[in-house]
Amino acid sequence: MNRNADGIPNTFVPGRNILFLTLAAIYAYQVKAEAVITGVCETDFSGYPDCRDEFVKALNHAVNLGMAKDIRFETPLMWIDKAETWALADYWGQLDLVREETLTCYNGIKGDGCGHCAACNLRANGLNHYLSNKAAVMAAMKQKTGLR
């Protein structure tokens, strides 16, 4: 992965999660939802400043001030790695759905993606690690998330 002079990956889209989370919070406000759930993750942090826990908490605070309403930004994947994310999907019986219907690929290809970009490689490595170490990864995920 190439990085700019500040060390940020060249794949970083400035303001992306600011925009997504703000739009989600506006929608949550309109439908009277109490929470916005996002899949950002700091453990596989690739250098994206908008995937850090510190950022999500700061934006959550700013959004709540700006809307005079408490809407929680929840980050259930924040402290688990990609293999543990696959374990979580499997735990809930959704491994195939997550594998086939989610988008990680920088080239916009759903499911397993293009297989060449950094995001696809991280996703594939996480899945392969989970599939070859299911018991250990599942145990680690359960410990970190408090699931039984």
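Remarks
- The tail of the calculated P(r) for region 94-148, taken as Cα-Cα distances beyond 14 Å, holds 59 percent of the pairs.
- Mean separation of Cα contacts under 8 Å, 6 or more apart, over the residue count of region 27-93: relative contact order %: 42 percent
- Ignoring aspartates and glutamates fewer than eight residues from Lys144 along the same chain, the ones with Cα atoms less than 17 angstrom from its Cα are Glu42, Asp44, Asp53, Glu74, Asp81, Glu84, Asp90.
- Spin-label model, Asn125 to Asn2: label points 7 Å out along the Cα-to-beta-carbon direction sit 2.0 nm apart.
- Region 38-118: projected area of the alpha-carbon convex hull, averaged over directions, in nm²: 6.4 nm²
- Burial ranking of peptide ranges 75-84, 122-131 (average Cβ count within 10 Å, highest at the top): 75-84, 122-131
- When only Cα pairs below 8 angstrom with a gap of at least 6 residues are kept, region 81-148 shows a relative contact order of 36 percent.
- The chain: relative contact order in percent, alpha carbon pairs under 8 Å with at least 6 residues between: 19 percent
- If you take the alpha carbon atoms of the chain and fit the smallest convex hull around them, that volume is 129 Å³ per residue.
- For region 1-79, the alpha carbon positions stretch 41, 22, 17 Å along the principal axes, listed from largest to smallest.
- Checking the cross-link pairs Lys69/Lys110; Lys82/Lys134; Lys110/Lys142 against a 24 Å limit on the alpha carbon distance flags Lys69/Lys110; Lys110/Lys142 as lying beyond it.
FYI, it's all coordinate maths here, none of it is from the lab. Computed from a predicted model, the values in this text were never measured in an experiment. Neighbour counts are summed over all protein chains in view; Cβ atoms, including those assigned to glycine, are modelled from backbone coordinates with ideal geometry.
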